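Colleague: The following block contains the structure, expressed as structure tokens.
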Amino acid sequence: MTQTATVNYHVHKPERQAFELDAGGIVGNLISPELTPTRVNVLDVRLGERGEFKGQSVGFTEFPSEVHSFGEDQAWVPTYDTELTRLLTTELHAKEVIIFDHTVRIDDPNADRKPARNVHSDYSQTGAEQRLIDILGPEKAQEWVAGHYAFINVWRPVEATINSAPLGFVAPDSVAAADWITLDLIYPDRLGQIMGLAANADHRWLYMSKMATDEVAFFNIFDNQGQPPVAHSALDMIEDPTLNTIRKSIESRTLVRY
């Protein structure tokens with residue numbers, strides 16, 4: 001079944017573009033490059049073939065957690081990290097998993113971290129290679145570069161089934177190389193790079209409707225042996241207009257060695 005949603009694509013420009021995060025030292029303050037809202041058709045994989053991670057760089061599975069509250073006290077982190085390690089070891093046959101970031105996003109204007117409403121993938125190749133060094137240090141990073149490693153994100157609804165702003169993905173084989181735009185990330189304490197995506201009528205969007213708190217999406221951000229990154233974004237759409245639940249989710253960033 002196909003739904004419709006609005007997404008915000010990036011725009012090709014002659015000059016280099018950038019996001020500035022926590023701009024002016026204000027947590028959650030984001031200065032964004034130009035985006036263009038675009039209406040797209042979205043395939044609901046819950047009602048059909050889900051495909052395989054190897055082919056579409058995103059997988060969906062039921063994976064209940066013992067953690068039900070992802071509070072700022074961080075007491076839940078060791079338990080959740082252990083669960084995610086088990087997930088990626090089982091689903092992707094990873095030999096080593098490092099979880100290095102958790103971000104809780106709330107679809108509320110007053111939230112510090114809101115759903116990302118731009119079509120993107122989290123790292124350029126340069127950004128991924130630098131992040132590997134940031135996490136592991138230069139010497140250990142060289143060991144990983146000699147083998148097969150990847151950055152994988154895991155996304156889960158929190159507190160309630162997703163009714164609005166679900167996470168959508170673009171099938172990698174529908175993306176042309178020219179669609180990607182390298183974007184700088186300017187943090188108060190470091191620089192990074194991501195890849196934004198420009199609009200292309202050939203893009204095939206997919207998502208899983210009404211994801212519950214015991215379901216997760218896991219998706220490829222960068223793979224040093226060629227698994228394509230998957231562009232993703234919150235989808236501006238509502239499943240059931242009679243419900244008023246606020247979309248809340250947790251996205252965990254991981255580094256895996258195969």
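The values are calculated or read from the model by the stated rules, or taken from the named source; none is laboratory data. The shown structure was predicted, so the numbers you read here are calculated from the model rather than taken from an experiment. Don't worry about glycine lacking a Cβ; one is built from the backbone with ideal geometry, like all the others, and counts go over all protein chains shown.
Colleague: Residue pairs, Cβ under 6 Å, 6 or more apart or interchain, first in the range 220-238 and closer than 21 Å to Lys248 by Cα, second hydroxyl-bearing (Ser, Thr, Tyr) and surrounded by fewer than 24 Cβ atoms within 10 Å (Cβ to Cβ). List them.
Modeller: Asp236/Thr6; Ile238/Ser164
Colleague: Looking at Val45, is it among the β-branched types (Val, Ile, Thr), under 18 Å from Glu251 (Cα atoms) and touching a residue at least 60 places away in the same chain (Cβ under 8 Å)?
Modeller: So Val45 does not fit the description; no.
Colleague: Arg117 versus (1) crowded, with 16+ Cβ neighbours inside 10 Å; (2) at pLDDT 95 or above; (3) part of a helix (DSSP H, G or I): which is the lone unmet condition?
Modeller: (3)
Colleague: On the basis of being among the aromatic types (Phe, Trp, Tyr), farther than 22 Å from Asp236 by Cα and surrounded by 11 or more Cβ atoms within 10 Å (Cβ to Cβ), does Phe19 make the cut?
Modeller: no
Colleague: Here's something else I'd like to know. Are any residues in the range 188-204 in contact with an Asp or Glu (Cβ under 7 Å, 6 or more places away or on another chain) and either farther than 14 Å from Gln130 by Cα or basic (Lys, Arg) (or both), and if so, which ones?
Modeller: Within the range 188-204, Pro188, Leu197, Ala198, Asn200 qualify.
Colleague: Show me the strands (runs of 3 or more DSSP E) found entirely inside the range 132-193 where at least 3 residues are crowded, with 16+ Cβ neighbours inside 10 Å, of a type in the set (Phe, Trp, Tyr) and touching a residue at least 40 places away in the same chain (Cβ under 8 Å).
Modeller: Answer list for the range 132-193: 149-157.
Colleague: Can you tell me which residue is farthest from the chain's Cα centre (by Cα) among those in the range 217-258 that are among the polar types (S, T, N, Q) and buried (at least 19 other Cβ atoms within 10 Å of the Cβ)?
Modeller: So the residue we want is Gln227.
Colleague: Can you pull out the residues in the range 169-216 that are under 26 Å from Val27 (Cβ atoms) and not β-branched (Val, Ile, Thr)?
Modeller: Leu183, Asp184, Leu185, Tyr187, Pro188, Asp189, Arg190, Leu191, Gly192, Gln193, Met195, Gly196
Colleague: If we scan the range 151-160, do we find a residue that is in contact with a Phe, Trp or Tyr (Cβ under 7 Å, 6 or more places away or on another chain) and not aliphatic (A, V, I, L, M)?
Modeller: Yes: the range 151-160 contains one or more residues that are in contact with a Phe, Trp or Tyr (Cβ under 7 Å, 6 or more places away or on another chain) and not aliphatic (A, V, I, L, M).
Colleague: Let me ask you something else. What pairs come out if I take residues in the range 74-92 that are under 21 Å from Asp223 (Cβ atoms) and pair them with residues that are assigned to a helix (DSSP H, G or I) whose C-beta lies under 8 Å away, six or more apart or interchain?
Modeller: Close Cβ pairs (under 8 Å, with a partner that is assigned to a helix (DSSP H, G or I)) amount to Glu91/Phe53; Leu92/Phe53.
Colleague: Of everything in the range 195-216 that's part of a strand (DSSP E or B) and among the small types (Gly, Ala, Ser), which residue is surrounded by the most Cβ atoms within 10 Å (Cβ to Cβ)?
Modeller: Gly196
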